[in-house]
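One structure is given here, and the rest of the page talks about it.
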Amino acid sequence: MSDVKKLLEQNRQWAAETAEQQPGFFDELSEQQTPKYLWIGCSDSRVPSTQITGMMPGEIFVHRNIANQFSTTDLSCMSVLQYAVEVLKVEHVIVCGHYGCGGVNAALSNQQFGLIDNWLAKIKDVYIQNETKFTPINDEQERSDLMCELNVMAQVQNVCNSTIVQNAWSNGQKLSVHGWCYSLKNGHIKDLDVTHDDESKNHNVYQYQN
Ligand code: CO
C-alpha cells in the first residue's frame, strides 16, 4: 500500500470508530463549530494542538507556522485572529511554542537556511532585545530553551498589541492571551505565566484610545 493510501484508509477507520463511539458527532459538527480556543503554534509535526491537549475536532481553532510567529503584518495569521475573536468569539488565545524548536535554533545560529532566514529574523530581534539574559548562560540547550520561551512571550505581546485584541477588550469581550511551551521530551506543556486578560500589561503606546 502506498504511504498516502494508508492515510485514506486510516481516515475511513477513524470516521467509523468515531461515529460508533459518539453517535451524532459528525452531524453536530457539520452544522457549526464553536471552539473556545485559538491555538497559535509551530508547524512541527510533533506538536499537534488537539492531540496533546486531549481535545476533539471542533474544540480548537488553529494557526500554525514555523516557530509560532505572530505578526500584525502577516495577513494569514491576522485573518485567523480576526475571525476567531470577532466571529467565533473564542475566549482564549494560546501561543504555544516548544523546546527544541528547529526554527528558534536556526535563528540563534549564524547559519543560512534560505528564505526561511527572513521569516525567522524576528526571533533574532527578540534575542537582541534580551541579550543580557543570555550572557550568563553558556550551555547551548539552556540558551535554546530560554530563546524558545522568550519567543513565545514576544508573540503573546504581538497578539495583545493587535487592534483586534485591543478592540475586543475595549468592547468588554472576555478574552485571555496565554503563552505556553511544550516539551518534546516528556509531552508536558509549561504555562509561562504571561497571561493577559486586558490591556493593562501592554506598553502605553499600545493602549489605544476609543
Ligand atoms: Co518548532
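Can you name every one of the helices (runs of 4 or more DSSP H) wholly within region 118-210 that holds 1 or more residues which are farther than 30 Å from LYS89 by Cβ?
Numbers: elements: 131-134, 140-161, 163-170.
It comes to 131-134, 140-161.
Which of the numbered conditions does VAL80 fail, given that it passes all the others? Conditions: (1) over 26 Å from ALA15 (Cα atoms); (2) in contact (Cβ under 8 Å) with a residue 60 or more places away in the chain; (3) touching a His at 6+ places or on another chain (Cβ under 8 Å).
Checking VAL80 against (1) over 26 Å from ALA15 (Cα atoms); (2) in contact (Cβ under 8 Å) with a residue 60 or more places away in the chain; (3) touching a His at 6+ places or on another chain (Cβ under 8 Å), the one that fails is (2).
Restricting region 119-148 to residues that are without any contact (Cβ under 8 Å) to a residue 24 or more places away in the chain and of a type in the set (A, V, I, L, M, F, W, C), which is surrounded by the most Cβ atoms within 10 Å (Cβ to Cβ)?
Filtering first and then ranking leaves LEU146.
Residues in region 46-80 that are open to solvent by 30 Å² or more (accessible area, probe 1.4 Å), of a type in the set (Val, Ile, Thr) and within 16 Å of the ligand (Cβ to nearest atom): how many?
Matching residues across region 46-80 total 3.
Within region 185-200, which residues are open to solvent by 60 Å² or more (accessible area, probe 1.4 Å) and within 30 Å of GLY102 (Cβ to Cβ)?
LYS185, ASN186, HIS188, LYS190, ASP191, ASP193
Scanning region 101-118 for residues that are touching a helix residue (DSSP H, G or I) at 6+ places or on another chain (Cβ under 8 Å) and open to solvent by 30 Å² or more (accessible area, probe 1.4 Å), which turns out nearest to the ligand (Cβ to nearest atom)?
ASN105
The values are calculated or read from the model by the stated rules, or taken from the named source; none is laboratory data. The model shown is predicted, which means the values in this text are computed figures rather than measured ones. Neighbour counts are summed over all protein chains in view; Cβ atoms, including those assigned to glycine, are modelled from backbone coordinates with ideal geometry. Keep in mind that these areas ignore ligands, DNA and RNA; they rest on the heavy atoms of the full protein, side chains included. Shrake-Rupley method; radii C 1.70, N 1.55, O 1.52, S 1.80 Å.
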